[in-house]
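> The structure that follows is given in the form of structure tokens.
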């Protein structure tokens with residue numbers, strides 16, 4: 001399990017050119033991406049997720065081009081914006097996400113139950129609190145056993161107790177997978193740190 005970024009240099013985001021460092025990340029393990037606002041943390045996640053195709057260079061997930069169809073099964077992506085349908089019940093979302101991840105629906109329902117949402121399965125998403133929706137979003141977008149997980153602000157909007165539980169889950173995932181996480185908070189994460197604020201991004205032990 002590995003992430004490779006070579007020769008991209010920068011990508012356009014609106015009118016800005018966001019610098020992209022060369023990277024070589026091996027797993028398993030946890031890598032926290034840090035840097036000032038505008039340093040390109042979310043841009044890097046989107047590049048690794050295949051949502052941005054670089055004009056030059058290459059981005060690979062486990063040896064496969066990040067924007068190739070074959071890369072979809074090698075990673076899971078939890079983006080910052082919660083893209084759940086407000087008028088649709090949580091149970092229906094579980095069925096849809098399970099199908100997309102090629103896992104049994106019971107696995108999705110079990111993941112939601114792990115987050116204390118077993119009694120909210122038949123509620124519409126817009127009836128959930130922000131923290132409940134965030135927890136559901138993170139678990140549904142990380143179903144299955146993909147070797148690479150990309151998490152952009154997975155703890156945003158959850159209370160401290162829920163954030164600690166999610167962090168423990170992320171730490172457990174990192175024992176067997178390569179987990180890349182962006183967190184703008186001041187939490188003390190373990191693992192390695194990738195600092196995008198430096199002229200040349202560095203990974204600290």
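> Here are several values of Cα Rg over 2.2 N^0.38 Å: (1) 0.94; (2) 1.47; (3) 1.01. Which one was derived from the coordinates shown?
After the calculation, the listed value that fits is (3).
> Relative to the longest principal axis of the chain, what angle (0 to 90°, nearest 10) does the C-alpha long axis of helix 160-176 take?
The answer is roughly 60 degrees.
> Can you give the FRET efficiency for residue 119 and residue 81, using 1/(1 + (r/R0)^6), R0 = 25 Å, r = Cβ-Cβ distance, to the nearest 0.05?
0.45
> What percent antiparallel are the DSSP beta bridges of the chain, to the nearest 5?
Restricted to the chain, the bridges split so that about 50 percent are antiparallel.
> Compute the long axis of helix 130-140 from its Cα atoms, compare it with the longest principal axis of the Cα atoms of the chain, and write down the angle in degrees, 0 to 90, nearest 10.
70
> Pulled fully out, how much extra length does the chain show between residue 160 and residue 105, if you take 0.36 nm times their separation in residues and subtract their Cα-Cα distance?
16.9 nm
> Here is a follow-up. Using Cβ counts within 10 Å as a stand-in for footprinting exposure, how do 164, 81, 132 rank, fewest first?
Least to most surrounded, the residues fall as 81, 164, 132.
> Per residue, what volume in Å³ does the Cα convex hull of the stretch 12-87 take up?
145
> Helix-derived [θ] at 222 nm for the chain: sum -39500 (n - 2.57) over DSSP H runs of at least 4, divide by residue count, nearest 500?
-8500 deg cm²/dmol
> Counting only C-alpha contacts under 8 Å and six or more residues apart, can you give the relative contact order of the stretch 4-155 as a whole percent?
Here the relative contact order equals 24 percent.
> Considering the alpha-carbon set of the stretch 107-200 alone, what are its Rg and its Dmax in angstrom?
In order Rg, Dmax, the Cα atoms of the stretch 107-200 give 14.3, 49 Å.
> On the first, second and third principal axes, largest extent first, how far apart are the outermost C-alpha atoms of the stretch 84-140 in Å?
Reported extents, whole Å, longest axis first: 28, 21, 17.
> Can I ask one more? Calculate how steeply helix 105-114 sits against the longest principal axis of the alpha-carbon atoms of the chain, using the helix alpha-carbon long axis, and give the answer as 0 to 90 degrees to the nearest 10.
It is inclined by approximately 90 degrees.
> Let me have the relative contact order for the stretch 84-140, percent, based on Cα pairs under 8 Å that are six or more residues apart.
47
Values quoted throughout were computed directly from the atomic coordinates according to the rules given, and no laboratory measurement underlies them. Because the structure is a prediction, the values reported are computed rather than measured. Note: ideal-geometry Cβ built from the backbone for every residue, glycine included; neighbour counts use all protein chains shown.
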